[in-house]
Amino acid sequence: QKEVEQDPGPLSVPEGAIVSLNCTYSNSAFQYFMWYRQYSRKGPELLMYTYSSGNKEDGRFTAQVDKSSKYISLFIRDSQPSDSATYLCAMNLNTGNQFYFGTGTSLTVIP
Amino acid sequence: GAVVSQHPSWVICKSGTSVKIECRSLDFQATTMFWYRQFPKQSLMLMATSNEGSKATYEQGVEKDKFLINHASLTLSTLTVTSAHPEDSSFYICSARDAQRGSGEQFFGPGTRLTVL
């Protein structure tokens, strides 16, 4: 079993839709959770960084962590064509440890 | 803040030659940098962890003599692909952790696309 599972998609939505991206994980010791956005042929860009369960909001993006279910989500409101990218979840045990990445979900927002 | 650069952004080389890729943290000090490779439509695969002033830690299956890593300063790590072959063609991405931040975010460079002919 992989440490982090993420549906690779692809996911296509119309402009303005709410997008839900999810990851599950197996190691209950993970404490830090991140979402990265990666455009084609570019390096990943940090979108959200959370510690502990709960919600964190930043503009149109909301990150949600449910440690009891070992499940994290990223919601994108009012999705835009510029949101079309691959979204990677990542997590680690503590600040000194390596990251564990999901495989990434490819998202296309259709104008 | 937290900008990481890579150079070159792309490189084409002949089989058997060596290629050096630089990773720099531009506005912060990075005691730890990471090197990843990524094949098309796949996720990031950690190759090695580079610590300033000490030897890199390589992941299982990654040949340390083929992928030489040097982290000579708090803002620079280099990856040298020695005697490159076509199967080494990939997208190489570095990331850096800000030593001053208590949290553990990694900030990624823009990547280097290597094509070995």
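The values are calculated or read from the model by the stated rules, or taken from the named source; none is laboratory data. These figures come from a predicted structure and were not determined experimentally. Virtual Cβ from ideal backbone geometry, glycine too; neighbours counted across all protein chains shown. For the accessible areas, the whole protein counts, side chains as well, though only heavy atoms, and no ligand, DNA or RNA atoms are used. Shrake-Rupley method; radii C 1.70, N 1.55, O 1.52, S 1.80 Å.
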Q: Residue by residue through segment B:6-39, note down the ones that are surrounded by 15 or more Cβ atoms within 10 Å (Cβ to Cβ), touching a strand residue (DSSP E or B) at 6+ places or on another chain (Cβ under 6 Å) and within 11 Å of chain A (Cβ to nearest Cβ).
A: B:Gln6, B:Cys23, B:Thr32, B:Phe34, B:Tyr36, B:Gln38
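With chain A as the region, which strands (runs of 3 or more DSSP E) entirely inside it contain at least 2 residues that are at the interface with another protein chain (Cβ under 10 Å from one of its Cβ atoms)? Step through it out loud before you land on a result.
Values: elements: A:4-6, A:11-14, A:19-25, A:32-38, A:45-51, A:54-58, A:61-66, A:71-76, A:85-92, A:105-110.
Where strands (runs of 3 or more DSSP E) fall fully within chain A and carry at least 2 residues being at the interface with another protein chain (Cβ under 10 Å from one of its Cβ atoms), they are A:4-6, A:32-38, A:45-51, A:85-92.
If you check B:Leu46 against the conditions, is it in contact with a Leu (Cβ under 9 Å, 6 or more places away or on another chain) and in contact (Cβ under 8 Å) with a residue 12 or more places away in the chain? Reasoning before the result, please.
Values: in contact with a Leu (Cβ under 9 Å, 6 or more places away or on another chain): no; in contact (Cβ under 8 Å) with a residue 12 or more places away in the chain: yes.
Answer is no for this residue.
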Q: For residues that are open to solvent by less than 50 Å² (accessible area, probe 1.4 Å), charged (D, E, K, R) and within 14 Å of chain A (Cβ to nearest Cβ), tally how many sit in segment B:61-117.
A: 3
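Go through segment A:56-111 residue by residue and tally those that are charged (D, E, K, R) and either buried (at least 21 other Cβ atoms within 10 Å of the Cβ) or free of Cβ contacts under 8 Å to residues at least 24 places away in the same chain (or both).
Here is the first cut: in segment A:56-111, the ones charged (D, E, K, R) are A:56-58, A:60, A:66-67, A:70, A:77-78, A:83.
Checking which are either buried (at least 21 other Cβ atoms within 10 Å of the Cβ) or free of Cβ contacts under 8 Å to residues at least 24 places away in the same chain (or both) leaves us with A:56-58, A:60, A:66.
The total comes to 5.
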